[in-house]
């Protein structure tokens, strides 16, 4: 075929960073769960590893708020991404999204990042375990395997409060009906009068696990749900001698509610520590764009140094997962203990995650 009949693809690839995305669709999944679908104004090819997440940059009541959400869609649908959000009583961000985010609205988004994904841990047989809205990352994985016709044996176990709370119920049933080696098992804690439910009832335990996935000891396990749910799953697996290197779970750290109060407290603690040390033990952290610098004690992070100077570097997870606090280091050395929020390529370019980077010499930051 002549090359003259082939048109070039004028599409940018999505890279870890800050992007302005437009909400193009809102889907009511259950009575308290919505999916928000996003696209870029210019063609953007969204490739990520199924299971990874993004961080939304929002302004709520005049306060800058960062919050991380798993991408629930699959990279097999490459020109849009989706997040699925449950309305939480008293939840500042989830309620704001449900009440305010509409089709046509644009918001800044950071990412994608995350170690919890199925690309880095391929297996012939997998077991997805999820509870509540924790279904979102494993649903992204399941969609990817389904859309790419992967030769992977999948058992999908999901726990919900009631039949009305099962997210993606119809889609999961469709997958189960179309693929021989895709099996769905649903557990409902309870059911209401008038509900038609013939599935498992109660909570996930070892007896149910052996009925739904008799060979669970041979599978790669991906788990996401409320903390008590994941603790119970891990305890059950460890009690059976499961190789925990084949167990993977998603978790986010807490997000500071008030950055200003957080900075004041950090500054006070840092000043107390500095006063107890000799000058030779301190490191200088300089921020080149503002011309500000501060002397910090060993063990303090670059993010803490910025906070002491009143500089606000956006942060979401606080534990090196989300990648939101990434800044370029111009000079000096740091020890960075992250949890997957930065790529090798970014590190080679001198980028660091300020929340988990501790200076080991004087450093200069491009901020």
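For the range 92-133, give me each residue that is out of contact with any strand residue (DSSP E or B) (no Cβ under 9 Å at 6 or more places or on another chain) and closer than 20 Å to residue 67 by Cβ. Answer for the range 92-133, where residues must be out of contact with any strand residue (DSSP E or B) (no Cβ under 9 Å at 6 or more places or on another chain) and closer than 20 Å to residue 67 by Cβ: 95, 99. Looking only at residues in the range 278-329 that are over 21 Å from the mean Cα position of the chain (by Cα) and closer than 19 Å to residue 343 by Cβ, which one is surrounded by the most Cβ atoms within 10 Å (Cβ to Cβ)? For the range 278-329, the residue satisfying everything is 302.
Scanning the range 198-229 for residues that are without any contact (Cβ under 8 Å) to a residue 60 or more places away in the chain, under 21 Å from residue 139 (Cβ atoms) and touching a strand residue (DSSP E or B) at 6+ places or on another chain (Cβ under 8 Å) yields 199, 200, 203, 208, 209, 212.
Given the criteria under 20 Å from the mean Cα position of the chain (by Cα), modelled with pLDDT of 95 or more, within 25 Å of residue 328 (Cβ to Cβ) and not assigned by TED's automatic domain parsing to the domain that holds residue 314, does residue 21 qualify? Taking the combined requirement at face value, the residue satisfies it.
Only one entry in 89, 122 is out of contact with any helix residue (DSSP H, G or I) (no Cβ under 8 Å at 6 or more places or on another chain), under 29 Å from residue 13 (Cα atoms) and modelled with pLDDT under 95, namely 122. Taking the range 314-367 and the strands (runs of 3 or more DSSP E) fully enclosed by it, the elements with 2 or more residues that are without any contact (Cβ under 8 Å) to a residue 40 or more places away in the chain are at 326-331, 334-336, 351-353.
May I ask you to list the residues in the range 348-364 that are surrounded by 14 or more Cβ atoms within 10 Å (Cβ to Cβ) and in contact with a strand residue (DSSP E or B) (Cβ under 8 Å, 6 or more places away or on another chain)? 351, 352, 353, 354, 356, 357, 358, 359, 362, 363, 364, listed by residue number.
The combined condition, being within 18 Å of the chain's Cα centre (by Cα), crowded, with 23+ Cβ neighbours inside 10 Å and not in a loop (DSSP other than H, G, I, E, B), is fulfilled by residue 134. Check whether at least one residue in the range 173-181 is over 25 Å from residue 34 (Cβ atoms), in contact (Cβ under 8 Å) with a residue 60 or more places away in the chain, part of a loop (DSSP other than H, G, I, E, B) and not assigned by TED's automatic domain parsing to the domain that holds residue 50, and report yes or no. No; the residues of the range 173-181 include none that is over 25 Å from residue 34 (Cβ atoms), in contact (Cβ under 8 Å) with a residue 60 or more places away in the chain, part of a loop (DSSP other than H, G, I, E, B) and not assigned by TED's automatic domain parsing to the domain that holds residue 50. Let me confirm something: among 152, 162, which residue is over 19 Å from the mean Cα position of the chain (by Cα) and within 20 Å of residue 218 (Cβ to Cβ)? The unique qualifying residue is 152. Among the residues of the range 206-214, are any at pLDDT below 95 and in a loop (DSSP other than H, G, I, E, B)? Among the residues of the range 206-214, not one is at pLDDT below 95 and in a loop (DSSP other than H, G, I, E, B), which makes the answer no. Would the range 4-18 turn up any residue that is in a strand (DSSP E or B), at pLDDT 95 or above and in contact with a strand residue (DSSP E or B) (Cβ under 7 Å, 6 or more places away or on another chain)? The answer is no, given that none of the residues of the range 4-18 is in a strand (DSSP E or B), at pLDDT 95 or above and in contact with a strand residue (DSSP E or B) (Cβ under 7 Å, 6 or more places away or on another chain). Total residues in the range 286-299 satisfying the condition of being under 29 Å from residue 114 (Cα atoms) and at pLDDT below 90: the figure is 2.
Per-residue answers, yes or no, for (1) under 13 Å from the mean Cα position of the chain (by Cα); (2) buried (at least 18 other Cβ atoms within 10 Å of the Cβ); (3) not assigned by TED's automatic domain parsing to the domain that holds residue 338:
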position: 54; (1), (2), (3): yes, yes, yes
position: 61; (1), (2), (3): no, no, yes
position: 77; (1), (2), (3): no, no, yes
position: 80; (1), (2), (3): no, no, yes
position: 92; (1), (2), (3): no, no, yes
position: 103; (1), (2), (3): no, no, yes
position: 120; (1), (2), (3): no, no, yes
position: 138; (1), (2), (3): yes, yes, yes
position: 145; (1), (2), (3): no, yes, yes
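When 203, 222 are checked against the criterion of being under 29 Å from the mean Cα position of the chain (by Cα), part of a loop (DSSP other than H, G, I, E, B) and assigned by TED's automatic domain parsing to the domain that holds residue 152, a single residue qualifies: 203.
The values are calculated or read from the model by the stated rules, or taken from the named source; none is laboratory data. Fair warning: this is a prediction, and the values are worked out from it, not measured in the lab. As a convention, Cβ positions derive from the backbone with ideal geometry for all residues, glycine included, and neighbour counts pool all protein chains shown.
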